[in-house]
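All remarks here apply to the structure that follows.
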Amino acid sequence: IMGMALGGWMSGWIYDVSGSYALAFWNGIGWNFGNIVIVGFILWRALQQQKQVRTPT
């Protein structure tokens, strides 16, 4: 929700500062890449925890 709230505003601000939407698009791509990394890390941790639970001690 924060991304939706700030995304439009931030893109407009970047356009105002740079005069181009190219930097705004790159900004969006960067944030999406960051989100993919975070989700991948969370998924990796969940899979590691499942392996530990299933492994008999």
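We did not get these values from a lab; they are worked out from the coordinates using the rules stated. Since the model is a prediction, treat every value here as computed from it, not as a measurement. All Cβ positions, even for glycine, are placed from backbone atoms using ideal geometry, and neighbour counts span all protein chains on display.
Annotation note: Cβ proximity below 8 Å between a residue of region 1-17 that is at negative phi and surrounded by 14 or more Cβ atoms within 10 Å (Cβ to Cβ) and a residue that is in a helix (DSSP H, G or I) and of a type outside the set (A, V, I, L, M, F, W, C) (sequence gap 6+ or interchain) occurs for GLY7/GLY28; MET10/ASN27; SER11/ASN27; SER11/GLY28; ILE14/ASN27. Assessment of region 22-41 against the conditions (more than 22 Å from the chain's Cα centre (by Cα) and in a helix (DSSP H, G or I)) yields no matching residue.
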